[in-house]
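The numbers here are math on the coordinates, done by the rules we state, and not lab data. Values in this document were obtained by computation on a predicted structure and should not be read as measured data.
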Amino acid sequence: MAMMLNCREVAEQASQALDEPQGFMARLAMRFHLFMCVDCRRYVTHLGLVSQVTKRDDAIVEPAEADVERTLKALMARRDD
């Protein structure tokens, strides 16, 4: 494993790190890249927040198809005005 990750590798490994433990070298490589790259640091922070919210809130349910259609129609009507 290369010590210096690129942004694409960080994005791929960040989601894996939320699901399974990472080895020392993988964590070190990730931290080194995040220290240098503000965009990836922001991405990983937001990814972690989304993960926390979705794991914590079991009440999140998929809306009914009729609700989705009604909302889309209302948005399209507003756009046409």
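Here are some notes:
- Failed condition for R70, given (1) more than 21 Å from M4 (Cα to Cα); (2) within 19 Å of the chain's Cα centre (by Cα): (2)
- Qualifying residues in region 31-67 (those that are farther than 12 Å from A14 by Cα and of a type in the set (V, I, T)) - the one farthest from the chain's Cα centre (by Cα): V61
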